[in-house]
1. When you scan segment 167-191, how many residues do you find that are touching a Phe, Trp or Tyr at 6+ places or on another chain (Cβ under 7 Å) and closer than 20 Å to Tyr106 by Cβ?
2. Does Phe257 meet the test of being more than 16 Å from the chain's Cα centre (by Cα) and touching a residue at least 40 places away in the same chain (Cβ under 8 Å)?
3. Given Gly306, Gly241, Gly295, which one is of a type outside the set (Asp, Glu) and farther than 25 Å from His61 by Cβ?
4. Looking only at strands (runs of 3 or more DSSP E) that lie completely in segment 57-171, which have at least 2 residues being of a type in the set (Phe, Trp, Tyr)?
5. Would you check which residues across segment 76-119 are under 24 Å from Ala245 (Cβ atoms) and in contact (Cβ under 8 Å) with a residue 60 or more places away in the chain and list them?
6. I'm told Arg281 meets every condition in (1) within 19 Å of the chain's Cα centre (by Cα); (2) part of a strand (DSSP E or B); (3) of a type in the set (D, E, K, R) except one. Can you identify the failing condition by its number?
7. When residues of segment 203-215 are filtered for being within 14 Å of Phe228 (Cα to Cα) and surrounded by fewer than 19 Cβ atoms within 10 Å (Cβ to Cβ), how many remain?
8. Output yes when any residue across segment 172-179 is of a type in the set (Lys, Arg), farther than 21 Å from Tyr291 by Cβ and free of Cβ contacts under 8 Å to residues at least 60 places away in the same chain, and no when none is.
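The values are calculated or read from the model by the stated rules, or taken from the named source; none is laboratory data. Computed from a prediction, not measured in an experiment: that's the story for all the values here. No Cβ is skipped: glycine too gets one built from the backbone with ideal geometry, and neighbour counts run over all protein chains shown.
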Amino acid sequence: MKLLWNTIITLLVSSFCYSQNPFITQLYTADPSARVFNDTLFIYASHDKEDAKWFNMIDWHVFSTTDMKNWFDHGVVLSLDSLKWASKYAWAPDCEFYNGKYFFYYPTDRDYIGVALCDKPSGPFKDPLGKPLITRKTKGVKANRALIDPTIFIDYDKTPYLIFGQNHINIVKLNDDMISFNDSVRLIKAPHFFEAVWMHKYNGKYYLSYSGKGKILYGMGDSPYGPFEYKGVILDKVNSGTNHASIAEYKGQWYLFYHTSDLFFKNNPQAKKSGLKKWYRRSICVDHLYYNADGTIQKVIPTKKGVE
């Protein structure tokens, strides 16, 4: 009985993380997508392997909090093993709630954008199509490097848009079933865009943020299609060599979620001497985000304490 009780305690403790940066420390995570459902904030993340030497991820995790201090790990919500048509690269995901279900969007193989659904935000998610939602051959898609980084944006009028791409920002209006579309894929222009697109709305303005030149940049516009007026840097370069951010409001406060390699360097102090410019074992962080009176965003300065 004592052994069983100790095992239960160990499992419970390992399921929780605590407020700090990075705030997930029991495994390597990247590409945080922050979503608020009811009174809970969820983070959908890709998962770097413990011995990763490239971006060879195979599954996705989800974490949740109700106080921004204690985080619960719900485990794997979808893996490549459950997809018959995908074989590699479980990269940056996103999730949204629409018409009673939760829809999880994800890239694989550098060639596909898939969708999965569930009745719960914590998954596990199931593939309803048995094939990708979008491929390189989808009419209007521009993807000369990689077809990655989907994000889902639902406007105030409940119109859902799927936005994705590397080097080119593609946008398409989804049908109400969230797993099909009749709309034409269009392009959004943004200076210095590389990858990791994200869209949110604040005081009637549309904000397009993304990774470019190793930084998180953004612009503001009056439509999901733009044009977006470039406003500058939200977050400077971090020590992971790549970055992928999301912006969310929770209980009256705004937050920027991003990733670094701080956990890797903590676990491998000798690594800093190697001279490498990019690291493949990343860890997700969060800091407060503030707006100026004119709606522009103040630059976020990364902290080690996070959001106590």
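1. Summing the residues that are touching a Phe, Trp or Tyr at 6+ places or on another chain (Cβ under 7 Å) and closer than 20 Å to Tyr106 by Cβ in segment 167-191 gives 9.
2. no
3. Gly295
4. Once the strands (runs of 3 or more DSSP E) in segment 57-171 are filtered for at least 2 residues that are of a type in the set (Phe, Trp, Tyr), what remains is 59-65, 70-79, 94-98, 101-108, 160-164.
5. Trp91, Ala92, Pro93, Asp94, Cys95, Glu96, Phe97, Tyr98, Tyr102, Phe103, Phe104, Val115
6. Among (1) within 19 Å of the chain's Cα centre (by Cα); (2) part of a strand (DSSP E or B); (3) of a type in the set (D, E, K, R), Arg281 violates only (2).
7. Matching residues across segment 203-215 total 2.
8. Looking through segment 172-179, at least one residue is of a type in the set (Lys, Arg), farther than 21 Å from Tyr291 by Cβ and free of Cβ contacts under 8 Å to residues at least 60 places away in the same chain.
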